[in-house]
Amino acid sequence: MKVTVNKGTSIVLMLVAITYLIMSFLLPEYPFVPVDADLIPKILGFCLLILSVCFFFSKDLDTEEQKAKRVIPRKEVLMLLAIMGLILIYITFLEVAGFIIMTTAFIIVCSRVLGYKKWVPNILTAIVFSGSAYSLFNYALSIRLPAGILPF
């Protein structure tokens with residue numbers, strides 16, 4: 001059996017999904033919450049595992065056009081590294097600053113790095129998304145997200 005790019009990528013994704021699922025099953029359980037903190041990670045892990053299995057069995061015709069598409073320009077590599085750096089900063093300061101502040105800042109900065117130039121829609125989208133996600137998790141699902149320096 002020839003290992004194609006799709007098959008190789010799907011095997012890596014399966015290993016990531018299995019590791020992620022093992023880690024999500026190791027999360028502590030909280031007795032007095034209706035929706036436990038491990039629910040979303042487990043759902044995401046199983047989705048990734050199912051999709052990577054589907055990807056493994058998908059047809060892969062390795063043409064010259066596909067090979068040419070795999071070459072990533074230097075500018076895009078730098079952009080990907082910048083986004084990875086932003087994700088690390090987001091993770092590092094999430095507990096301290098809080099979900100709303102860090103998510104809003106992340107969306108604004110990430111959008112600018114990716115080339116979105118309009119400030120007003122960018123800021124409004126970041127604030128509405130962050131506030132909505134925080135409200136949904138904290139109040140509707142009773143899953144506590146880090147409040148950080150905000151009083152709620």
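The values are calculated or read from the model by the stated rules, or taken from the named source; none is laboratory data. Computed from a predicted model, the values in this text were never measured in an experiment. Neighbour counts run over all protein chains shown; Cβ positions are idealised from the backbone, glycine included. Only protein heavy atoms, including side chains, enter the accessible area calculation; ligands, DNA and RNA are left aside. Shrake-Rupley method; radii C 1.70, N 1.55, O 1.52, S 1.80 Å.
Odds and ends about this structure:
- Taken over the stretch 136-152, the criterion of being exposed (fewer than 14 other Cβ atoms within 10 Å of the Cβ) and in a helix (DSSP H, G or I) is satisfied by Leu136, Tyr139, Ala140.
- Residue list for the stretch 114-135, filter: without any contact (Cβ under 8 Å) to a residue 24 or more places away in the chain and assigned to a loop (DSSP other than H, G, I, E, B): Gly115, Tyr116, Lys117, Lys118
- Considering residues of the stretch 44-91 that are basic (Lys, Arg), open to solvent by 100 Å² or more (accessible area, probe 1.4 Å) and under 20 Å from Thr9 (Cβ atoms) only, the residue nearest to the chain's Cα centre (by Cα): Arg70
- Any pair with Cβ under 7 angstrom, 6 or more apart, that starts in the stretch 73-86 at a residue that is within 13 Å of Val109 (Cβ to Cβ) and ends at one that is part of a helix (DSSP H, G or I) and open to solvent by 60 Å² or more (accessible area, probe 1.4 Å): Leu86/Val109
- Residue in the stretch 101-122 that is closer than 30 Å to Lys7 by Cα and modelled with pLDDT of 90 or more present: no
- Some residue of the stretch 29-37 being surrounded by 10 or more Cβ atoms within 10 Å (Cβ to Cβ) and hydroxyl-bearing (Ser, Thr, Tyr): yes
- Taking first residues from the stretch 140-152 that are at negative phi and among the basic types (Lys, Arg) and partners that are at pLDDT 80 or above and open to solvent by less than 70 Å² (accessible area, probe 1.4 Å), the Cβ contacts under 7 Å between residues at least 6 apart in sequence or on separate chains come to Arg144/Asn138.
- Test result for Leu94, part of a helix (DSSP H, G or I) and under 30 Å from Val5 (Cα atoms): no
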